[in-house]
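Just below is one structure, and these are the notes that go with it.
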Amino acid sequence: MGNSNIHFQLSFIEPQAHYVEVKMIIDGIDQDYLDLKMPVWTPGSYLIREFAKNIEQVKAEDAQGNEIVIHKTNKNTWRLNSKGAQVKISYRVYSFERSVRTNLVDDQHAFISPAGTFLYVDGYLDHSSTVQVELPSIWTKISTGLELVEGKVNLFFAENFDILFDSPLEIGNQDVWTFNAAGIPHEFAMVGTAVYDKDRLAADITKIVEVETDIWGSNPNDRYVFITHNYQNSHGGLEHLNSTVLAASRSSYISNIGYNNFLSLVAHEYFHLWNVKRLRPANLGPFNYEEENYTPLLWIFEGFTAYYDNLITRRCGFRNEQEYLNELVSEFNMVLNRPGHKIQSVGLSSFDTWIKQYRPDENSANVSISYYNKGAMLATMIDISIIAKTQGKKRLDDVLKAAYNKFYLIENRGVTEKEFLDLAEEVSGISLKEIFDAVYTTEEIDYNAYFNAIGFQFIDINRETVTPSLGIKVSHQDTRTIIKNVDRNSAAWVDGLNVDDEIIAVNGNRLDPQGRELDQAIAISKVGDPINILVSRDGLIREITVHLKASDKVSYVIERNPNRTEEQSALGDLWLSL
């Protein structure tokens, strides 16, 4: 690469109109032409997002200010004839999508998601770059995991474009404080209005960091940045190499439930430091930013993380035993109450994330499950199986630590499912075949047998209840009751109620704005009874007779088995120990 360099400059001329201005200077790349590309997705969020749609007014000139002609060759590629000379490219990026993975610029702040902001030179993803941020007079702070160039003001360095694309920037007047955890400086940037206790957050997050570092054996960072966006109603996060972006409801910090849920979110994204950012599937890295990067292993890398996030809050003492069990069993109930758990395996759910996970529709519950929830279920089975069969000498922690050490610290490569299984069985000394076989089938394993081994039981409290059901979900829009979902093989499914049908009357009774007559009609009926439903479908009125079926919804609980042995009880204590 010789003396070539790539430099970016970000400025904000019209932040109130949601634009960031980008200048890109390329010098010393000796080629007749350059192809400049924009990623179509961002790591950690497995959906083709077509970031190029937000780019406009792309222009190029040489060092003397002469225009260089640019030709767009496909949806995300701009070709220019550079002839080896220095080129200056400028473009604007429209930035008004509120999420942890997309740009948002307004008169209050700018959140820059790099994959949706920075072009790269085709063939030069391993090239270093610098980013200069020109702060408007109304903003004073920049929070990012990027390395600040020593002796420079607001100039940042990325060793390669994988690091650049994995290092978001929060620019504005965010509330920033720092604390040390596991011997590493951490920065917390709180964006937006919220009522929170900095000291409490710092102390509790320190516990999370140190418990997780203990699981994995070492912490890979020199510093770490939390960026939290507070909204009226939001919850989510996206992991990065040495930072995370969190979205929270601004009221999260004032209730015990909301606060603990926020801590679980923190625990989840921080756990990704190891699990997916470093210990990773073989197919996720090096990244191809122009198309889907398929892997069937998200059930491990997201599902295991979903298992540990709430478990970490239990180990930190934020949740008592019953609170934790309630959170855990919700993973099971969410999966087992989706008709799709009989249609889609968790391995296929992982593979199909690019077309299903981030694009739910009215039929999603009938055809799919989440690898987060099902992965957490299988992680639970692996953990308690190892605990039970090794009499508490080993658990899933030991497997993860060994995998991190072998595949990242020593070999620095991705892992296949077979390699992970082989290592897990080697470390634990037990067979995990039944659980790993369940990844590619829709048949459920005997969860209760696993729980029994450590003195717990997994029981459906609805198992002896027969309840008539239509099998629909509705929403109330103004004075109308609209069907939003129809469960596979339910009464509504069989007899022909449709999503988007407006329910007008039931058994001759006009629905009130809250649709209570529908609930009342079902409540006084038995399984097999017909009910007559008057609907408006695309403006046409029709009456449909539906014969009620028994609800197939489950309501599992996880609780101590009253018939447990002393040994099983001790193993259960170990599983949920602080």
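The values are calculated or read from the model by the stated rules, or taken from the named source; none is laboratory data. The structure presented is a predicted model; accordingly, all values stated were derived computationally and were not measured. Heads up, the Cβs are rebuilt from the backbone with ideal geometry, glycines too, and the neighbour counts pull from every protein chain shown.
Within region 246-288, restricting attention to residues that are of a type in the set (Val, Ile, Thr) and within 23 Å of Thr193 (Cβ to Cβ), the residue that is surrounded by the fewest Cβ atoms within 10 Å (Cβ to Cβ) is Ile257.
Residues considered: Thr380, Thr390, Thr353. Of these, the only one that is among the polar types (S, T, N, Q), closer than 21 Å to Glu425 by Cα and either at pLDDT below 95 or surrounded by 19 or more Cβ atoms within 10 Å (Cβ to Cβ) (or both) is Thr380.
Among helices (runs of 4 or more DSSP H) entirely within region 329-407, having at least 1 residues that are in contact (Cβ under 8 Å) with a residue 40 or more places away in the chain and closer than 25 Å to Asp422 by Cα singles out 346-351, 371-389, 396-403.
Every test in (1) in a loop (DSSP other than H, G, I, E, B); (2) over 29 Å from Phe226 (Cβ atoms); (3) modelled with pLDDT of 95 or more is passed by Gly84 save one, and that test is (3).
Against the numbered list (1) under 24 Å from the mean Cα position of the chain (by Cα); (2) assigned to a helix (DSSP H, G or I); (3) surrounded by fewer than 15 Cβ atoms within 10 Å (Cβ to Cβ), Arg413 comes up short only at (2). Evaluate region 144-159: report whether one residue or more is touching a Lys or Arg at 6+ places or on another chain (Cβ under 7 Å) and farther than 22 Å from Leu80 by Cβ. Within region 144-159, none of the residues are touching a Lys or Arg at 6+ places or on another chain (Cβ under 7 Å) and farther than 22 Å from Leu80 by Cβ.
Inside region 181-196, residues that are under 18 Å from Gly258 (Cα atoms) and either of a type in the set (Gly, Ala, Ser) or surrounded by 16 or more Cβ atoms within 10 Å (Cβ to Cβ) (or both) make up a count of 5.
Condition check ((1) modelled with pLDDT of 95 or more; (2) of a type outside the set (S, T, N, Q); (3) more than 21 Å from the chain's Cα centre (by Cα)) across all residues:
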site	(1), (2), (3)
Arg319	yes, yes, yes
Glu331	yes, yes, no
Val335	yes, yes, no
Arg338	yes, yes, no
His341	yes, yes, no
Gln344	yes, no, no
Leu348	yes, yes, no
Asp361	yes, yes, no
Val367	yes, yes, no
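So which residues in region 87-131 are β-branched (Val, Ile, Thr) and part of a loop (DSSP other than H, G, I, E, B)?
Passing the criteria: Val100, Thr102, Thr117.
Would you check if Lys406 is more than 26 Å from Asn293 (Cβ to Cβ), more than 22 Å from the chain's Cα centre (by Cα) and not assigned by TED's automatic domain parsing to the domain that holds Val40? Judged against the criteria, Lys406 is not a match. Has region 113-121 got any residue that is surrounded by fewer than 20 Cβ atoms within 10 Å (Cβ to Cβ), of a type in the set (A, V, I, L, M, F, W, C) and out of contact with any Gly (no Cβ under 9 Å at 6 or more places or on another chain)? Among the residues of region 113-121, not one is surrounded by fewer than 20 Cβ atoms within 10 Å (Cβ to Cβ), of a type in the set (A, V, I, L, M, F, W, C) and out of contact with any Gly (no Cβ under 9 Å at 6 or more places or on another chain), which makes the answer no. Within the set of pairs 6 or more residues apart or between chains, which connect a residue that is in contact (Cβ under 8 Å) with a residue 12 or more places away in the chain inside region 508-523 to a residue that is surrounded by 12 or more Cβ atoms within 10 Å (Cβ to Cβ) and among the acidic types (Asp, Glu) with Cβ atoms less than 6 Å apart? Between residues of region 508-523 that are in contact (Cβ under 8 Å) with a residue 12 or more places away in the chain and residues that are surrounded by 12 or more Cβ atoms within 10 Å (Cβ to Cβ) and among the acidic types (Asp, Glu), the close pairs are Asn509/Glu517; Leu511/Glu517. Checking the stated criteria, Ala181 turns out not to satisfy the condition of being within 26 Å of Val22 (Cβ to Cβ) and either in the same structural domain as Gly28 (by TED's automatic domain parsing) or among the small types (Gly, Ala, Ser) (or both). Any residue in region 433-441 that is assigned to a loop (DSSP other than H, G, I, E, B), touching a Ser or Thr at 6+ places or on another chain (Cβ under 7 Å), at pLDDT 95 or above and on the phi > 0 side of the Ramachandran plot? Scanning region 433-441, I find no residue that is assigned to a loop (DSSP other than H, G, I, E, B), touching a Ser or Thr at 6+ places or on another chain (Cβ under 7 Å), at pLDDT 95 or above and on the phi > 0 side of the Ramachandran plot, so the answer is no. Scanning region 225-240 for residues that are surrounded by fewer than 19 Cβ atoms within 10 Å (Cβ to Cβ), of a type outside the set (Ser, Thr, Tyr) and touching a residue at least 40 places away in the same chain (Cβ under 8 Å) yields a single hit, Gly236.
Might you let me know whether region 519-526 holds any residue that is of a type outside the set (S, T, N, Q), surrounded by 14 or more Cβ atoms within 10 Å (Cβ to Cβ), more than 39 Å from the chain's Cα centre (by Cα) and part of a helix (DSSP H, G or I)? Within region 519-526 (the criterion being of a type outside the set (S, T, N, Q), surrounded by 14 or more Cβ atoms within 10 Å (Cβ to Cβ), more than 39 Å from the chain's Cα centre (by Cα) and part of a helix (DSSP H, G or I)), the answer is yes, since at least one residue qualifies. When you check Ala60 against the structure, is it closer than 19 Å to Leu10 by Cα, out of contact with any helix residue (DSSP H, G or I) (no Cβ under 9 Å at 6 or more places or on another chain) and not aromatic (Phe, Trp, Tyr), yes or no? So Ala60 passes the test. Scanning region 282-293 turns up no residue that is closer than 27 Å to Ser330 by Cβ, small (Gly, Ala, Ser) and in contact (Cβ under 8 Å) with a residue 40 or more places away in the chain. Between residues in region 22-42 that are among the aliphatic types (A, V, I, L, M) and residues that are assigned to a loop (DSSP other than H, G, I, E, B) and at pLDDT below 95, which pairs lie under 6 Å by C-beta distance while being six or more apart or on different chains? Once the first residue is among the aliphatic types (A, V, I, L, M) and sits in region 22-42, its partners that are assigned to a loop (DSSP other than H, G, I, E, B) and at pLDDT below 95 give Ile29/Ser4; Leu34/Ser82. Here is a check on your reading of the model: is Ile382 in contact with a Leu (Cβ under 6 Å, 6 or more places away or on another chain) and not assigned by TED's automatic domain parsing to the domain that holds Ile48? Yes.
Here's the yes/no breakdown for (1) surrounded by fewer than 17 Cβ atoms within 10 Å (Cβ to Cβ); (2) touching a residue at least 40 places away in the same chain (Cβ under 8 Å); (3) within 28 Å of Asp62 (Cα to Cα):
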position	(1), (2), (3)
Ser90	yes, yes, yes
Phe96	yes, yes, no
Ile138	yes, no, no
Asn154	yes, no, yes
Pro168	no, yes, no
